[in-house]
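Participant: Sharing a structure with you now.
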Amino acid sequence: MFNPLCLFISELLAAFVSSGQKYFVRQTFSRGLDANDKTIRAFLFSHYSDYGQAYEHFEAIAKDGNRFLYRWSEPDDRKRLKLAASQPSGFRIYASVVMPGWEGKAEKALKVKVRNYMERKNLWHPGRKDEVTFELYPHFGEVFVRMRFRKQEIKVSLVEVEAETSR
């Protein structure tokens, strides 16, 4: 599984808070697990300046037993957020931010998969010389792919693109 998201580190937390992001939603993030290390669990933290949006995200992941809504104004929550940003041993904590330079890594990992997805789902049939562009973005803790071909655009989950092309 390709993971384009950044690690949730202290500098990123400080940048979020200084820009007015005061609410953080934690959820399970299986895409962040790395079979090559001793990661026990992976989590994703999404940041919000508006409590209503944070709560909407929180409610959207009601089945996730690891979900939690942190408030920067609460001292205990602030302490837990700082701990998470320290990347404690055995855990991988990610932020809902696509890492800089994701395009180069995604180009190798996903270019063929995106084209195959388009063709298998009978969306579009680009020729060899036709340009197909795509970008990745997180929404409510899931990574989505925005694909463009000519003047058309479609948005689907990265999980769906990966599942369809592994058949």
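Participant: Going 7 Å from the Cα of LYS151 toward and past its Cβ, which residues in the range 115-145 have a backbone nitrogen under 20 Å from where you end up?
Facilitator: Backbone N within reach: 123-127, 130-134.
Participant: Here's another thing I want to ask about it. May I ask what percent, to the nearest 5, of DSSP beta bridges between residues of the range 1-127 are antiparallel?
Facilitator: Working: 12 of 17 bridges.
Here the antiparallel bridges make up roughly 70 percent for the range 1-127.
Participant: Let me ask you something else. Report the Rg/Rh value for the range 102-165, based on alpha-carbon coordinates and the Kirkwood definition of Rh. Could the numbers behind the result be given before it?
Facilitator: Values: Rg = 11.1 Å, Rh = 11.9 Å.
So for the range 102-165, dividing Rg by the Kirkwood Rh gives 0.93.
Participant: If each DSSP helix of 4+ residues adds -39,500 (n - 2.57) and the sum is divided by the residues in the chain, what number results at 222 nm, nearest 500 deg cm²/dmol? Display every interim value, and only then the final one.
Facilitator: On the way: 5 runs with 57 residues, N = 167.
The helix-only estimate for the chain comes to -10500 deg cm²/dmol at 222 nm.
Participant: Filter the cross-link list LYS111/LYS155; LYS63/LYS113; LYS129/LYS151; LYS121/LYS151; LYS22/LYS82 down to pairs whose alpha-carbon distance in this structure exceeds 20 Å. Present the calculation step by step, with values, prior to reporting the outcome.
Facilitator: Values: LYS111/LYS155 15 Å; LYS63/LYS113 29 Å; LYS129/LYS151 16 Å; LYS121/LYS151 18 Å; LYS22/LYS82 13 Å.
The answer is LYS63/LYS113.
Participant: Mind pulling the angle between the C-alpha long axis of helix 51-60 and the longest principal axis of the chain? Nearest 10 degrees, somewhere in 0 to 90.
Facilitator: 60
Participant: Trypsin sites (Lys or Arg not before Pro), restricted to the range 75-147: which are DSSP loop and have at most 14 other Cβ atoms within 10 Å? Write down the numbers at each step before the final one.
Facilitator: Numbers: sites: ARG78, LYS79, ARG80, LYS82, ARG92, LYS105, LYS108, LYS111, LYS113, ARG115, ARG120, LYS121, ARG128, LYS129, ARG146; in loops: LYS121, ARG128, LYS129.
Passing sites in the range 75-147 are LYS121, ARG128, LYS129.
Participant: Quick one: if the Förster radius is 30 Å, what FRET efficiency do TYR55 and ALA163 give, using the C-beta to C-beta distance and rounding to 0.05?
Facilitator: Working: r = 30 Å, r/R0 = 1.00.
Calculated transfer efficiency: 0.50.
Participant: Here are some values of percent of Cα pairs over 20 Å apart: [x] 71; [y] 49; [z] 55. Which one was computed from this structure?
Facilitator: Derived directly from the coordinates: [z].
Participant: Quick query: amide H of PHE29 versus all other amide H atoms, modeled in the peptide plane; which residues come in under 5 Å with a sequence gap of 5 or more or a different chain?
Facilitator: Amide H neighbours of PHE29: ALA42, PHE43, LEU44.
Participant: Something else: From the C-alpha coordinates alone, can you work out the Kirkwood hydrodynamic radius of the range 5-98, in Å?
Facilitator: Values: mean 1/r = 0.0753 Å⁻¹.
After inverting the mean inverse Cα-Cα distance, the result is 13.3 Å.
Participant: In addition: Which cross-chain or sequence-distant (5 or more) residues have an amide H under 5 Å from the amide H of HIS139, H modelled 1.01 Å from N in plane?
Facilitator: Answer set, sorted by chain and number: PHE144.
Participant: Please give, to one decimal in nm, the separation of the simple spin-label points placed at HIS139 and ALA15, each 7 Å out from Cα toward the Cβ.
Facilitator: 2.4
Participant: Here's a follow-up. Estimate the FRET efficiency between ARG78 and CYS6 by the formula 1/(1 + (r/R0)^6), using the beta-carbon distance for r and 22 Å for R0, to the nearest 0.05. Show your work: numbers first, answer last.
Facilitator: Working: r = 21 Å, r/R0 = 0.93.
Efficiency, from the Cβ-Cβ distance: 0.60.
Participant: Using the Cα centre as the reference, give the magnitude of the dipole from point charges on the C-beta atoms of the chain (Lys, Arg: +1; Asp, Glu: -1; all else neutral), rounded to the nearest 20 debye. Working shown, then result.
Facilitator: Values: 28 positive and 21 negative charges, 77 e Å.
It works out to roughly 380 debye.
Participant: I've got another one for you. For THR39, put the label point 7 Å out on the Cα→Cβ axis and report which residues of the range 127-167 keep their amide N under 15 Å from it.
Facilitator: Residues passing the 15 Å test: 142-143.
Only the coordinates and a few stated rules stand behind these numbers; no lab work does. Note that the structure is a prediction, hence the values are computed from the model and not measured. Cβ sites come from the backbone with ideal geometry, for glycine too, and all protein chains shown count toward neighbours.
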